[in-house]
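Read the structure below first, then the notes.
The values are calculated or read from the model by the stated rules, or taken from the named source; none is laboratory data. Nothing here was measured: the structure is a model prediction, and the numbers come from that model. Note that we place each Cβ from the backbone using ideal geometry, even for glycine, and neighbour counts take in every protein chain shown.
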Amino acid sequence: MAAPTLPLPGNTVIEEDLHLSKVTFWSRLRRHKLAIAGLIVLSLMVLGAVFAQQLSPFDPNAIDNVHWQGTPLPPCFQAASQCGGHQLGTDEVGRDLLSRLFFGARISLAVGLFAVLMEILIGSTLGAIAGYYGGWIDYTLMRLTDVFLSIPILPLLLVLTAIVAASSTKAALSFGVIVIIIGALSWMPVARLVRAAFLSLREREFAEAARAVGNNDGRIIFRHLLPNAVAPIVVQGTLDVANVIILESGLSFLGLGIQPPTASWGNMLANAQSNLSIAWWAAVFPGLCILLTALAINYIGDGLRDALDPNMV
Amino acid sequence: MRRTLQSIPLLLAISVILYGILYNMPGGPLAPYLQNPHITPADIARLKHNLGMDQPVPIQYLKWLGHVLIGDFGYSTSNSEPVFQALIERFPATLELMGASLTIAILVGIATGIASAVYRYSVLDYAVTTLAFFGQAMPVFWFALMMQLAFAVHGIPLPFGYLIQLPSAGLSSSDTFDLGDRLVHLILPAAVLSILGIATFSRFMRSSLLEVLGTDYMRTAAAKGLSFKVILFKHGFKNALIPVVTVIALSLPGLIAGAIFTETIFAWPGMGRLFINALNQSDLALLMGYLLMVAFLVVFSNLLADVVYAWLDPRVKYD
């Protein structure tokens, strides 16, 4: 793993030495432009989530009894006379789509953030222990990682959430449960990255120095070594936020994620298929939010990778 | 050979974990009975005894494993047939869908990756890399909905719909086989399922080929006066393919996950749809069978990737 690198854009790796100056300059600029564009899009989403209460024109869970007649109301830009003030229309039970998108952003982004924090906690602890101690501890933990990597996550995730739902009620599938289940099943790449970093870090002189002055293992691992492995964790974690958001939306789409009436971008799509022919807006907008957010995060992650750690693939 | 043997303990460990998760969670195999007011605690105890559930968990596991090894995955309560049979019946449909998608993904992904690398920083390259980013950020199920919206609900007249009306009828029913009709039904689901693969393979092929094109031996080949075509396809392509092969093998879990959504949305009578049905009816035996089968496929594909890797790159030796 690379020496601790400063997060300078100047560290961008030079892919090839042909046509060097002009080409890499444009490539760099383009990449950073996209990462910045991603940052702007994500910031808007976060702002929408934070100020959902203030921005929402309607109560996200309230049915519009005045205008709603049993079929979804169209968006105002399509049919201004029928929309009843709902800028993006309503869903199949007459709830304002735009307001639900704002509140859905809260849930979707929060699940992404907290599940990734959880995965980083588990992954870096296991990876650090494996890499630091080596030997049979390393072997055992890495085989465990292999085992979890060989089980496709989505089916197992679905089974676990279904079991939780069956054991009590579907309402048990709260925010916390979803976060824990997703986090507990996606720590493997982080564990591998941290282990790889630790294998070389523990041999370095400053690690030896830390040992020589009598620090205990826990302090060496968390105070001295782990901060040097932050770059790969941050990059992987950022990219995983996008993956988790997509994963959660998939779970919720199948009815095994965040439970209604709480809006998440995924469960807003749960009934979209059966209403596809009468309400395209109910299917298009929540998915567009998921796509844009995931895209923005991926571009940010890509930019971070270039900036933080040029040696990563 | 040794690699093959190594995958056996891996599969065993997977089975232990899956068994541990599925059979010891609240609401185990008897969950459907626990909520039935006509079944007394004595009945439950009797059922537990008959099913061997009053024995220690490790014993239960070993018994279950013994059955699995002879192909007995238990009895599916939601389908009223043995689990193994239920899975095997749906396998061809899933194979058809995943095979078609993977083929499309490999062909399109590698072709666009090469084009993107060869014409680097051209409009084509920007288009391909941007689309690849979109493909990786696309939720499969939403893309499926959008394809249905575009091709089935509105305009662009493509026949859409159910491969067969009743999923329980299976693919090998007496329905007359019509290749054209089958292919037409395959277009949308296969296109949807291949999108993630196309994006991933394209990005990897691009960066891998760029790396190879920058090496010294490529320069030597150019210095010898070989044409660009020969350099690219004889020397560059094969070497650039090596890391891509691994990525293709590792894409299988994603493909399986995508197939679950695709089959559900397109009412495709495959294993993924069977799995979702089993999920909704708490059919633990079937869920377990599906998870094991899928894990086996993943382990096998990783093994295959190692073999192909060693064949493509003679420097790699597994001892």
Out of everything in region B:269-318 that is modelled with pLDDT of 85 or more and among the aromatic types (Phe, Trp, Tyr), what residue ends up being surrounded by the most Cβ atoms within 10 Å (Cβ to Cβ)? B:Phe275
Evaluation of A:Ala263 against (1) part of a loop (DSSP other than H, G, I, E, B); (2) within 10 Å of chain B (Cβ to nearest Cβ); (3) touching a Gly at 6+ places or on another chain (Cβ under 6 Å) (one fails), failing number: (2)
Restricting attention to region B:18-69, report how many residues are aliphatic (A, V, I, L, M), modelled with pLDDT of 75 or more and surrounded by 15 or more Cβ atoms within 10 Å (Cβ to Cβ). 4
Please determine whether any residue of region B:299-315 is without any contact (Cβ under 8 Å) to a residue 60 or more places away in the chain, within 12 Å of chain A (Cβ to nearest Cβ) and among the aliphatic types (A, V, I, L, M). no
With A:Ala162, A:Ala184 as the choices, which residue is modelled with pLDDT of 90 or more and within 13 Å of chain B (Cβ to nearest Cβ)? A:Ala184
Count of region A:112-153 residues which are surrounded by 19 or more Cβ atoms within 10 Å (Cβ to Cβ), within 22 Å of A:Ala207 (Cα to Cα) and of a type in the set (Ser, Thr, Tyr): 2
Between A:Leu144, A:Leu149, A:Leu97, which is more than 22 Å from the chain's Cα centre (by Cα) and within 14 Å of chain B (Cβ to nearest Cβ)? A:Leu144
Do we find that B:Ile114 is under 20 Å from the mean Cα position of the chain (by Cα), within 24 Å of B:Val212 (Cα to Cα) and not in a loop (DSSP other than H, G, I, E, B) in this structure? no
Residue that is facing another protein chain (nearest Cβ under 10 Å) and not acidic (Asp, Glu), where the choices are B:Ile276, B:Ile242, B:Ile231, B:Ile248: B:Ile276
Of the residues in region A:271-281, how many are buried (at least 20 other Cβ atoms within 10 Å of the Cβ) and more than 10 Å from chain B (Cβ to nearest Cβ)? 2
Which one is farthest from the other protein chains (Cβ to nearest Cβ) among residues in region A:205-254 that are of a type in the set (Phe, Trp, Tyr) and surrounded by fewer than 24 Cβ atoms within 10 Å (Cβ to Cβ)? A:Phe206
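Yes or no, residue by residue, for (1) more than 27 Å from B:Gly272 (Cβ to Cβ); (2) more than 14 Å from every other protein chain (Cβ to nearest Cβ); (3) surrounded by fewer than 21 Cβ atoms within 10 Å (Cβ to Cβ):
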| site | (1), (2), (3) |
| --- | --- |
| B:Ile195 | no, no, no |
| B:Ser208 | yes, no, no |
| B:Leu213 | yes, no, no |
| B:Asp216 | yes, no, yes |
